[in-house]
Amino acid sequence: MDEIDISKAIIEDFIKNFLDNLTVDVAIIGAGPSGLMCAYRLAQSRIKVAVFERQLRAGGGMPGGGMMFNSIAIQKDILGLFGELGISVRKYNEQIYVANSIETISALCYQAIKNGARIFNLMSVEDVVIRTDKICGIVINWSAVNWSKLHVDPLVVKAKFVVDATGHDAEICRIFEKKMEKKLITPTGSVAGEKSMWAEEGEKQIICNTKEVYPGLFVCGMAANAVFGSPRMGAIFGGMFLSGEKAADIIKEKLISLHR
Ligand code: 48F
């Protein structure tokens, strides 16, 4: 076995996939539970979707569970989805069920990839691509470049739709707002910032906050609550899954109307 063949196999396989994903239907920023759920549902509908994740591992805030107790709480109404993903759940009381956070994120990752989504880890999204009235892609670089503050110019991925699933910081919406001085489709026209913890309210509002906030740019997961100024909710995760699913549903509709 030649070491050069091992190296070439890795490089060629990666480059092929990377080139193939320079143009996608949907680019999702952030491989947390909401971004992965969105990717899974889109991929199930044969939509070309790629997820870009800054960290070494996918999962966002999920592997850490609540304060590093690696269990998560979920609500009864997403038991069907957990069944579909093959994740074991245990009943805690009438309202709350629990699952292992590692099992949950592993299942979601696996299903997203098996259905055709591509996940690029260790890549940071540092900007969006803009045309007169629409966002139409993302600007990417190796996370290591950003972390080491090297001056290296980025590359671009074109997408019909971009999803900000970056969690509490709503990083992409903030970058866009700051750089372009454009108004987002929110009550204030800007990113309101997340509010203090109120689990029930946060879980309710996240669904309605999941929407297009600028032509071509969607928010889901904690980024949606951050953009619209809704509360955080801690280690209960039902809303993250439902928000990712809703973002996928809206984008599917948009793609259908584009092709009409
Ligand atoms: O934070 P994260 O898990 O977001 P989420 O899907 O889920 C929130 C929950 O984990 C939890 C919660 C539950 O009630 O409140 O916090 O909304 O995942 C966001 C991912 O985005 C990545 C980040 O590393 C994380 O894995 N990310 C953030 N900014 C960028 C990014 C960026 N600019 N480029 C690439 N990835």
Any hit, region 201-215, residues being of a type in the set (Phe, Trp, Tyr) and either at pLDDT below 95 or in contact with a Lys or Arg (Cβ under 7 Å, 6 or more places away or on another chain) (or both): yes
Condition check for Asp25: away from the ligand (no atom under 16 Å from the Cβ), of a type outside the set (Phe, Trp, Tyr) and free of Cβ contacts under 8 Å to residues at least 12 places away in the same chain: no
Hey, Arg46 away from the ligand (no atom under 13 Å from the Cβ) and surrounded by fewer than 20 Cβ atoms within 10 Å (Cβ to Cβ) or not: yes
Output for region 150-174, where each listed residue is among the β-branched types (Val, Ile, Thr) and within 18 Å of Leu217 (Cβ to Cβ): Val156, Val157, Val162, Val163, Thr166, Ile172
Of all residues making up region 102-152, the number that are among the hydroxyl-bearing types (Ser, Thr, Tyr) and free of Cβ contacts under 8 Å to residues at least 24 places away in the same chain: 4
Pairs with Cβ under 6 Å, 6+ apart, first in region 153-179 and in contact (Cβ under 8 Å) with a residue 24 or more places away in the chain, second away from the ligand (no atom under 14 Å from the Cβ) and of a type in the set (Asp, Glu): Lys160/Asp25
Boolean, Cys38 is within 13 Å of the ligand (Cβ to nearest atom), within 17 Å of the chain's Cα centre (by Cα) and farther than 18 Å from Lys246 by Cβ: no
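The values are calculated or read from the model by the stated rules, or taken from the named source; none is laboratory data. Worth saying up front: this structure is predicted, and the values here are computed from it rather than measured. Ideal geometry is used to build each Cβ from the backbone, glycine not excepted, and the neighbour counts take in all protein chains shown.
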